[in-house]
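**Q** Following this message is one structure expressed as structure tokens.
The values are calculated or read from the model by the stated rules, or taken from the named source; none is laboratory data. The structure displayed is predicted, hence computed values, not measured ones. In this analysis, Cβ positions are derived from the backbone assuming ideal geometry, glycine residues included, and neighbour counts consider all displayed protein chains. All accessible areas refer to the heavy atoms of the entire protein, side chains included, with ligands and DNA or RNA removed. Shrake-Rupley method; radii C 1.70, N 1.55, O 1.52, S 1.80 Å.
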Amino acid sequence: MFETIVNILKFIFKKITKLSVPYFSLRENSLGFKITSEFIYIYDISNIYTKQRHDAFVLSAYTLKSDELYLEYIEFQNDVLWQQDAFGAFLNEVKDELKFTSFELLEKLNFSKYEFRTYKIDDEYILSFIHLQELHKDIFIVDKKVELYEKLIQNFKKDYSFRYKEYKKLNQDFSFSLTKSNSFKNYFRITSS
């Protein structure tokens, strides 16, 4: 009887532990993405530069640059909400920062907490974006080489193949931040009581 209770408690603890694993984690020279409660996809990166970002509405925020990715991580306080669609705000910030003349959606895919989009820019380039949304967290990724984008999607859809390889990839240096811009653009707000 006692052994059965202990086994049940162990089982419950394992389930809670698996569910509490974050969907995104930054590790030394790699990013971790939770695909299922049993599997985390690890993506290795090198030559990374991170910059801590600060705002009264956030608990933790940073931007990360590497040769192939630009990432912004924002973790909010419990009583903070977006004033608008989070991914839309990020895409608008990219458009405003880089002054594109055209920004056409080519592909949009959703899987669980992940959203993937690819845009044709100025009729010549492509740029792929990943948005990962957790409770009180948003992770935005610009994948300049489309490698992480394609591999993450293949974890959800095994036969996926990126169809826009004929376009040039935009190898732009990104330095904007939604967290940094919040004081001017009011992206976040405290929930009403």
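**Q** Which one of Ser66, Ser25, Ser46 is surrounded by 11 or more Cβ atoms within 10 Å (Cβ to Cβ) and farther than 26 Å from Glu104 by Cα? Working first, answer last.
**A** Values: Ser66 fails: farther than 26 Å from Glu104 by Cα; Ser46 fails: surrounded by 11 or more Cβ atoms within 10 Å (Cβ to Cβ).
The unique qualifying residue is Ser25.
**Q** For Ser161, only one of the following conditions fails: (1) over 21 Å from Asp55 (Cβ atoms); (2) open to solvent by less than 40 Å² (accessible area, probe 1.4 Å); (3) not acidic (Asp, Glu). What is its number?
**A** Checking Ser161 against (1) over 21 Å from Asp55 (Cβ atoms); (2) open to solvent by less than 40 Å² (accessible area, probe 1.4 Å); (3) not acidic (Asp, Glu), the one that fails is (2).
**Q** Let me ask something else. Looking at (1) assigned to a strand (DSSP E or B); (2) out of contact with any Asp or Glu (no Cβ under 8 Å at 6 or more places or on another chain); (3) within 22 Å of Asp44 (Cβ to Cβ), find the lone condition where Ile126 falls short.
**A** Ile126 satisfies all of (1) assigned to a strand (DSSP E or B); (2) out of contact with any Asp or Glu (no Cβ under 8 Å at 6 or more places or on another chain); (3) within 22 Å of Asp44 (Cβ to Cβ) except (3).
**Q** What about Leu148, is it more than 30 Å from Ala56 (Cβ to Cβ) and either among the hydroxyl-bearing types (Ser, Thr, Tyr) or in contact with an Asp or Glu (Cβ under 9 Å, 6 or more places away or on another chain) (or both)?
**A** yes
**Q** Let me ask something else about it. Determine which member of the set Glu72, Glu115, Glu93 is outside any strand (DSSP E or B), open to solvent by less than 70 Å² (accessible area, probe 1.4 Å), touching a helix residue (DSSP H, G or I) at 6+ places or on another chain (Cβ under 8 Å) and modelled with pLDDT of 85 or more.
**A** Matching residue, one of Glu72, Glu115, Glu93: Glu93.
**Q** If you check Gln172 against the conditions, is it surrounded by 15 or more Cβ atoms within 10 Å (Cβ to Cβ), free of Cβ contacts under 8 Å to residues at least 60 places away in the same chain and not hydrophobic (A, V, I, L, M, F, W, C)?
**A** no
**Q** Pick from the stretch 164-178 the residues that are of a type outside the set (Phe, Trp, Tyr) and assigned to a loop (DSSP other than H, G, I, E, B): which of them is farthest from Lys51 (Cα to Cα)? Please lay out each step first, then the result.
**A** Narrowing the stretch 164-178 to residues of a type outside the set (Phe, Trp, Tyr): 165-166, 168-173, 175, 177-178.
If we keep only those that are assigned to a loop (DSSP other than H, G, I, E, B) as well, we get 165-166, 170-173, 175, 177.
Working: Lys165: 31, Glu166: 33, Leu170: 22, Asn171: 20, Gln172: 18, Asp173: 14, Ser175: 10, Ser177: 10 Å.
Here the answer is Glu166.
**Q** Using beta carbons and a limit of 6 Å, which pairs, at least six apart or on different chains, have the first residue in the stretch 131-156 and free of Cβ contacts under 8 Å to residues at least 40 places away in the same chain and the second one outside any strand (DSSP E or B) and not polar (S, T, N, Q)?
**A** Val146/Phe162; Glu150/Phe162; Gln154/Tyr160
**Q** Let me ask you something else. Testing Gly88 on (1) in contact with a strand residue (DSSP E or B) (Cβ under 7 Å, 6 or more places away or on another chain); (2) modelled with pLDDT of 90 or more; (3) open to solvent by less than 50 Å² (accessible area, probe 1.4 Å), one condition comes back false. Which one is that?
**A** All conditions are met except number (1).
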